[in-house]
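Below: the structure, in structure tokens.
The values are calculated or read from the model by the stated rules, or taken from the named source; none is laboratory data. What you see is a predicted model; the values in this text were computed from it and never measured. Every residue, glycine as well, gets a Cβ built from its backbone with ideal geometry; the counts of neighbours run over all protein chains shown. Areas reflect the complete protein model, heavy atoms only, side chains present, ligands, DNA and RNA absent. Shrake-Rupley method; radii C 1.70, N 1.55, O 1.52, S 1.80 Å.
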Amino acid sequence: MGEGIVPVVDISAWTGAWTGAWTGAGTDAGANAGDNGGADGGERAAERRAVARRLDEVCRTVGFAQIVGHGVPAGLIADTLAVTSEFFELPVEEKARLLPPGPEVNRGYAPFGSEALAYSLGAETALPDMFEAFNIGVDAWPAGDAYYEAEAHRMFAPNLWPARPERMRAVYVAYFDALARLAATLMSAFAQALDLPEDYFAGRTGRAPNVMRANRYLRQPGSPDAAPGQLRMGAHTDYGACTILLADDVPGLEILGPDGAWHGVRPEPGAFIVNIGDLLARWTNDRWRSTLHRVVPPPAAERGPALRRSIAFFHEGNHDAVVECLPTCVSADNPARYPAETVADHLMAKLLGPRTLTSSAATSTTTDRLST
Ligand SMILES: O=C(O)CCC(=O)C(=O)O
Ligand SMILES: [Fe+2]
């Protein structure tokens, strides 16, 4: 099939070789080998610099990469997809027991048609998106730690776990933790790509209120086809630092290319799709693109359920981090485009629009770009 518009980047120089095996939930597997240096230090350092340069190029142009050499075990990925399917196949009444206490709590079940992502870009009105979703956040954090306590009611709210599948919590937490480690590794590579110390983002994203969101798109039996203009997921940018997406190789995901046209994206086997979110666009003063993307419905002529699953891991920033232009991305000729803003203010303003079906108040990172 070829890589299409989204280049494949092998990041194994940053992840180290995966040495463990996924032997099922409840073991210590899923941990990244984490050995980023090693005896072959010089050669490895040169490889890592080459990967960082490649990431910079891809983030400046497309804003999306397909990551291989990520070190997340195939067995863990398969288990995660399997429990996701089992969950979504439960009766809707059972899933509806997991509704969150309010729209500001991004946890539990989001029923089919309950959200419209177009509102996150400031749309005044939009048709509902044709997906259902299940969200989790950090499952355990140190009690009494003021940083977490401050968001215990919102961004660190308890997860809402279903009674079945029974192993869902163990598998999801193992996957969440593996992806959090991968995200931290990516942030180190990103820091080097931006001529910053490798640990630059650790203090700004290391305790972030990350969110993992499973999406299911399915033509509902007996339900009408999409209305004109209605999407499986409306066009949006992701709100955080970066997103690591696992998606079925089924058509639907499209990204807005540098040429201004929509391009279909199909994942390579074993690859994660990684994209830059608004926080990194703001940090880099738009050197890196928080690329618009959407999920389009199958053609009306195509019969059947057109099942498509995706699992997004949204790597955010620490909720109290103030996001302002990086020192390496601002100059007299290239002044800061965005005002400083806390991560919490940005994320909450973005999140509430789609979940309350009203226009988001967030400063957009794309409106300017679309009009230039
Ligand atoms: O389903 C997909 O491929 C994309 C999902 C997505 O963009 C999101 O959840 O933010
Ligand atoms: Fe997205």
In whole Hz, with x marking every Gly and Pro, tabulate ³J(HN,Hα) for region 308-324 from phi via Karplus 6.51 cos²θ - 1.76 cosθ + 1.60, θ = phi - 60°.
9, 10, 9, 10, 9, 9, 8, 8, 9, x, 4, 4, 9, 6, 8, 8, 9
For Gly206, which sequence-distant residues (separation of 5 or more, or a different chain) have an amide H within less than 5 Å of its own amide H, given hydrogens modelled in the peptide plane?
Asn318
Compute the Cα gyration tensor for region 53-180, then decide on rounded, prolate or oblate, letting a ≥ b ≥ c be the square roots of its eigenvalues: rounded whenever a/c is under 1.5, prolate when a/b is larger than b/c in the other cases, and oblate in all that remain.
rounded
When the charge dipole of region 8-364 is computed with +1 at the Cβ of Lys and Arg and -1 at the Cβ of Asp and Glu, the Cα pointing farthest to the positive end, of Ala208, His293, Gly71, is that of His293
Cβ-based net charge around Glu324, under 12 Å, with every Lys or Arg adding one and every Asp or Glu removing one:
+2
Could you list which residues have their amide H under 5 Å from that of Val8, counting only those 5 or more apart in sequence or on another chain, with H placed in the peptide plane?
Gln66
Over region 8-364, calculate the relative contact order: mean separation of alpha carbon pairs under 8 Å at least 6 apart, over the residue count, as a percent.
22
Please say if the chain is rounded, prolate or oblate, where rounded means a/c under 1.5 for a ≥ b ≥ c the square roots of the C-alpha gyration tensor eigenvalues, and otherwise the choice is prolate for a/b larger than b/c and oblate otherwise?
rounded
Return the long-range amide H neighbours of Leu99 (sequence gap of 5 or more, or a different chain), with a cut-off of under 5 Å between placed amide H atoms.
Tyr109
Note: Ala143 to Glu324 extended length (0.36 nm per residue) minus current alpha-carbon separation gives 62.2 nm
Which whole-number value in Å² is the accessible area per residue of the chain, probe 1.4 Å?
41
Residue-by-residue Karplus 3J(HN,Hα) for region 45-55, coefficients 6.51, -1.76, 1.60, Hz, glycine and proline x:
4, 5, 4, 5, 4, 5, 5, 4, 5, 5, 4
Determine the calculated [θ] at 222 nm for the chain from helices alone, applying -39500 (n - 2.57) to every DSSP H run no shorter than 4 residues and normalising by the residue count; nearest 500 deg cm²/dmol.
-8000 deg cm²/dmol
If you roll a 1.4 Å probe over the chain with all protein chains in place, what percent of the accessible area is carbon or sulfur?
55
Loop-located trypsin sites (Lys or Arg not before Pro) in region 249-317 whose Cβ has at most 11 other Cβ within 10 Å (DSSP):
Arg303
For the pair Asp333 and Ala74, the simple spin-label estimate (label points 7 Å beyond Cα toward Cβ) gives in nm 4.8
